[in-house]
Amino acid sequence: MEPLRAKVFISCGQQKDTEEVKVASDIKKNLEELGFDPYIAVQERTLRGLKENIFAQLATSEYFLFVDFPREQFVDSSEHRGSLFSHQELAIASYLDIKAIAFQQKGVKELDGILGALQLNIISFEKPEYLPEMVRKQVVATGWRPDWKNTLRIIRRADEHDETRLLNVDGTLRARFFHLTVENLNPYRIALNCTAYVEAITDLRTNSEVSFKTTELKWAGYGLPAAAIIARSQRDLDAFFVLHNDPRTVRFQSFSDSEAYMRPIQGPGEFQLDYVVISENFTPARIKLKLTIGSSIDNTSLVQIDS
C-alpha cells in the first residue's frame, strides 16, 4: 500500500518569457522534498479541460498554495492587477474549504478581488527567485502535514473474518462473516452519514452481470445503515456472510426485508464484487474484489483486485 501524500494545488502564474515557470517548478520540487504531492495548475482554454483537470485536481487537494504575480498595470496607478486565473482558483478552493497559504508580489493591488473577502494572512515578496524557499519555510511553520488525505479508503485484509452464530426459528446457525475496513484518512474531519452499497456483481466464468436491487449494507456491530467515522479512524463493514451448513451460498447483510434486493450468490464459482461507500462530506470510496466460492467454507475467499 502506497504511503499517504497530501496533495498541494499550486496556483501560480507561468507567464512565458518570465521567471514564473522556473519559480513554479522550484516550488514543486521543494514541496516534493517535504513529502507532499504537488500539482501545478496550468491555464485551461476549454470547459472540458477545466472540469477534468483544474476542478478535479482542486476537489482532491488537501492544501492550496496561492501565488499572485503582477499582471497589467492599472491606469493612473503604480499598482498592477493580480492573476485572474489564480484568483478564480482561490475562490473555488475557498468554497471547498481547502487549507490555504497566500503569497503576493509587491506591486500587486492588495486585497483585490476574492482576497478582500477572505481572512488570509497574505505574505508579501519582492523577487520571485526568493519565493520557493519562502514557501518551504512557511509550509513548515504553518504545520502542513504530508502524511494524510482528505478521503475515505476501503481495504480488504487478507483472511479477515469472524465466526458467530445467528438466531433463527430452529435455534442458532453458525456463520462466517467477511469484512471490509473503511478508513477515514483525514486527521481533522469526521466522515458523516457513511452508507455502503454493492455497485456491481460480475460472474467471472461468463463475464456477465448478476442482477440485484440497491439497498444499504450493514456496518459490523451496528444497527443503523448510516454511520460516522471519526477522524483518522476506521469502521468494519459486513461484506457478506456464509453459513457453515450451506457453504456454497454467499449472503449479504442489508437493510431490506426481501432477498429480492440483495439475492444470495450461489457457488461454486468466481465473482467480482464492486463496493462503494458514500458520505455526506467526502467523495465516494470504491473497491473491487474477487470472491471465490468453493465446495467448503474454508475454500471461500475474498481478495482485493489491483486497480
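Every read-out reported here was derived from the displayed coordinates using simple, explicitly stated rules and does not represent laboratory data. Note that the structure is predicted; figures quoted are calculated from it, not measured. A quick note on method: Cβ atoms are made from the backbone with ideal geometry, for glycine too, and the neighbour counts reach across all protein chains shown.
In nm, to one decimal, how far is the Q119 label point from the D147 one, both placed 7 Å along Cα→Cβ?
In this crude spin-label approximation the distance works out to 3.0 nm.
Can you give me the long-range amide H partners of A231? Hydrogens built in the peptide plane at 1.01 Å from N, cutoff under 5 Å, separation of 5 or more residues or another chain.
Here the answer is I190, A191, since their amide H atoms fall under 5 Å of that of A231.
Kindly provide the helix-only [θ] at 222 nm of the chain, computed as the sum of -39,500 (n - 2.57) over DSSP H runs of four or more divided by all residues, to the nearest 500 deg cm²/dmol?
Working: 4 runs with 42 residues, N = 307.
-4000 deg cm²/dmol, from helical runs alone.
With the cut-off at 1.5 for a/c, could you classify segment 7-142 from its C-alpha gyration tensor as rounded, prolate or oblate? Don't skip to the answer; put the middle values down first.
Details: a/c = 1.38, a/b = 1.16, b/c = 1.19.
Because its axes are fairly even, with a/c under 1.5, segment 7-142 counts as rounded.
Using +1 at the C-beta of Lys and Arg and -1 at the C-beta of Asp and Glu, which of A59, G13, A285 has the Cα lying farthest in the positive direction of the dipole of the chain?
So the residue we want is A285.
Considering the zone a paramagnetic label at I305 would reach in this model (a point 7 Å from Cα along the Cα-to-Cβ line), which residues of segment 261-288 have amide N under 12 Å from it?
Output list for this probe position: 270-275, 287-288.
Can you bin segment 152-304 into rounded, prolate or oblate? Criterion: square roots of the alpha carbon gyration tensor eigenvalues sorted a ≥ b ≥ c, rounded for a/c under 1.5, prolate for a/b above b/c, oblate for the rest.
On the way: a/c = 1.72, a/b = 1.44, b/c = 1.19.
In terms of gyration-tensor shape, prolate.
Given R₀ = 41 Å, what would the calculated FRET efficiency be for R165 paired with L204, taking r from the Cβ atoms and rounding to 0.05?
E between R165 and L204, to the nearest 0.05, is 0.85.
What is the set of long-range amide H partners of Q14 at a cut-off below 5 Å, with H atoms built 1.01 Å from backbone N?
Amide H neighbours of Q14, under 5 Å, 5+ apart: none.
Explain nothing, just the number: dipole magnitude of segment 158-230 about its Cα centre with +1 on each Lys and Arg Cβ and -1 on each Asp and Glu Cβ, in debye rounded to the nearest 20. Could you put the intermediate results ahead of the total?
Values: 7 positive and 10 negative charges, 36 e Å.
Charge dipole, segment 158-230, about its Cα centre: 180 debye, nearest 20.
Placing unit charges on C-beta atoms (Lys and Arg positive, Asp and Glu negative, everything else neutral), compute the dipole magnitude of the chain about its Cα centre in debye, rounded to 20. Numbers along the way, then the final one.
Numbers: 37 positive and 43 negative charges, 55 e Å.
In total the dipole reaches around 260 debye.
Which of rounded, prolate, oblate describes segment 154-221, given a ≥ b ≥ c as roots of the alpha-carbon gyration tensor eigenvalues and a/c under 1.5 marking rounded, otherwise prolate only if a/b is larger than b/c? Before the final figure, lay out the partial values.
Working: a/c = 1.76, a/b = 1.15, b/c = 1.53.
Oblate is the answer for segment 154-221, as a/c is 1.5 or above yet b/c matches or exceeds a/b.
Just going by the charge dipole of the chain, with Lys and Arg at +1 and Asp and Glu at -1 on Cβ, which of I92, L173, W219 is farthest out on the positive end?
L173
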